[in-house]
Amino acid sequence: MAIDHPAAARLKEQFPGVRLQGAAFRGQTQIWIPREQLTAIVRFLRDDPQLRYDLLADITCVDYLNFPGWDKPRFGLVYVLHSVSGGQRSLILRVFLNEDELEVDSLTSLFAGAEWLEREVLDMFGIRFKGHPDPRRILTWDGFKSHPLRKDYPVTGLGERENYPVLTRASV
């Protein structure tokens, strides 16, 4: 990993046996980390006095189904970290997941704000977060079986909208 980012060198020092990859584009740095090391790496980035990544700004996911030339796992979890107190440049962490391993550790023990972000990823992509305090859907109803942001979900839906009852002001 030859990246000009303050966190890259510190991660290589702290995790010498962990295979880290990275890329930089237009001032944005991303580091690909193994799923098993997610919690340890994020904890280190948060607690290290030189880095102090104290804000988890976002968690999202990318579905690479049928992406041309893609030979990596189908799903890429994306974590965006900022260092408000340390003034470091933002850092993007990526964790790749195959369809048969759609579970990672929850970061709610490190960042309380991860709770809703993880629930959104669960709802839209079906990625489960081990240790999450409240793993319920937040954007769709409990009985909804699909994950709408997956590439194999039909653009027109699966007929869910056609079955909604029409509510008027008089009926409420």
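Please treat every number below as a calculation from the coordinates, not as lab data. Owing to the predicted nature of the structure, the values given are computational and were not obtained by experimental measurement. Note that we place each Cβ from the backbone using ideal geometry, even for glycine, and neighbour counts take in every protein chain shown.
Computed over the range 1-50, the convex hull of the alpha-carbon atoms projects to a mean area of 3.4 nm². Can you compute the charge dipole magnitude of the range 6-163 about its Cα centre, using +1 on each Lys and Arg Cβ and -1 on each Asp and Glu Cβ, nothing else charged? Give it in debye, rounded to the nearest 20. That gives a dipole near 480 debye. If the Kirkwood radius is taken over C-alpha pairs of the range 62-172, then at 25 °C and 0.890 mPa s the Stokes-Einstein diffusion coefficient equals 150 µm²/s. In the range 6-163, a dipole from Cβ-located charges (positive for Lys and Arg, negative for Asp and Glu) runs towards its positive end, and of F67, Q88, I33 it is Q88 whose Cα lies farthest in that direction. Considering helices alone, the calculated mean residue ellipticity of the chain at 222 nm is -5500 deg cm²/dmol, with DSSP H runs of length four and up weighted by -39500 (n - 2.57) and normalised per residue. Checking every one of the GluC sites (Glu not before Pro) in the range 88-119 against DSSP loop status and a limit of 14 other Cβ atoms within 10 Å picks out E99, E101. Between the listed residues L139, F125, L56, the Cα displaced farthest toward the positive end of the dipole of the chain, a dipole computed from Cβ unit charges relative to the Cα centre, is found at L56.
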